[in-house]
């Protein structure tokens, strides 16, 4: 589930309330979708058109969408450097707490 959407100079950053995918960044100019998982591992999916990106973000489950519609269909590159996801996890935890009130 999409939690937050931010437009930056070089792409669109989305944060998710998901069991495995924590964040994505879509760079429309190069058609690259960077997906960051909860452990900080990140993958770049290449040649992702805008419609596929929008469908991915809007889906109720980004993980299910990724597995059903993107896995093995796009050139994928694992990025060696992990992302520190501490701040993002704190934001998600705060959102979850606000839902339980």
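What follows is calculated from the coordinates using simple rules that are stated; it is not laboratory data. Quantities reported herein were computed from a predicted structural model and do not represent experimental measurements. Heads up, the Cβs are rebuilt from the backbone with ideal geometry, glycines too, and the neighbour counts pull from every protein chain shown.
Throw me the Rg/Rh for the chain, computed over C-alpha atoms with Kirkwood Rh, two decimals. All intermediate terms of the calculation are to be shown ahead of the outcome.
On the way: Rg = 13.2 Å, Rh = 13.8 Å.
Result for the chain is an Rg/Rh of 0.95.
So if we plug the beta-carbon distance of residue 95 and residue 64 into 1/(1 + (r/R0)^6) with R0 = 25 Å, what FRET efficiency do we get, rounded to 0.05?
0.75
Report the label-to-label distance for residue 81 and residue 29 in nanometres (one decimal), using points 7 Å from each Cα along the Cα→Cβ vector.
Here the answer is 1.8 nm between the modelled labels.
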